[in-house]
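Nothing in this text is a laboratory measurement; each read-out follows from the coordinates by a stated rule. Values in this document were obtained by computation on a predicted structure and should not be read as measured data. Virtual Cβ from ideal backbone geometry, glycine too; neighbours counted across all protein chains shown.
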Amino acid sequence: MIRFVHFGLGILALVGVGTAFAETESAADRLIALTRETHATYTLILRNRILRPDGSVYEEWSAEFHDGTLHRVETPRDRVIADCEAGTGSYADFRNGKLIDGPSVAGMACGINANSPIISAKIEGMRESRFGRATHLVVHDPNYIRTYDVAENGALVGATISDRSGKRLLTNWAVYLSSDVPPGIFSRDSLGHSAVSERFRRLTKDEAAN
């Protein structure tokens, strides 16, 4: 994500097509490719701090699951499954009952968003996350400045979205990372139920900080 609350902002990218690279350096290109093409197995739970248009701030959970070429993302409102190698996916929006299928879903869900043209991408060093060392990447697209902390297995363990003026719109950080996934969560039919345990769906702000 920020792929999903990437959905908070990135769902707008479902209408985009293709990916453009301009002024990206090869190391950054390889890192972006790792996030999109990893075959690692992991469950990742994140906490998201989001700025609303009215200036208020709220927090919520999101989750990502990956196994081989298969990926799943959840927020309290949305669920997505994708085959990242095949470039196919399904997105369920539980606010309006809408279900969207197509390659743009995979482009949004699999690694760093592939639906928004990348103007520039640059690695800006290493960071220590609670789950080990991560590479800090800064990406500029036509509308946003995005940063990502990329773990060695390609998981996005931290991210931000800011507008072009630098105003922070979203910050997220990982609160849980494991090397397994629940069974039966990558089919279109599985979108009808959450793969996130009650423990994480009820995660409080204080618990997320620990």
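Panel note: the C-alpha atoms of the stretch 109-198, placed on their principal axes, show extents of 41, 28, 21 Å (largest first). For Ser129, the amide hydrogen comes within under 5 Å of the amide hydrogens of Ala134, counting only partners 5 or more places away or on other chains and with H modelled in the peptide plane.
Remark: Thr135, Thr75 ranked as Thr135, Thr75, counting other beta-carbon atoms within 10 Å and listing the fewest first. A simple rule links phi to the HN-Hα coupling: the Karplus curve 6.51 cos²θ - 1.76 cosθ + 1.60 with θ = phi - 60°, which for the stretch 107-119 gives x, 7, 7, 8, x, 5, 2, 9, 8, 9, x, 8, 7 Hz, with x for Gly and Pro. Neighbour counts of other Cβ atoms within 10 Å put Trp61, Trp173 in the fewest-to-most order Trp173, Trp61. Distance between the pseudo-spin-label points of Arg95 and Asp189 (7 Å out from Cα toward the beta carbon): 3.0 nm. Note on the stretch 7-197: Cα Rg divided by 2.2 N^0.38 Å, N the number of residues, gives 0.96.
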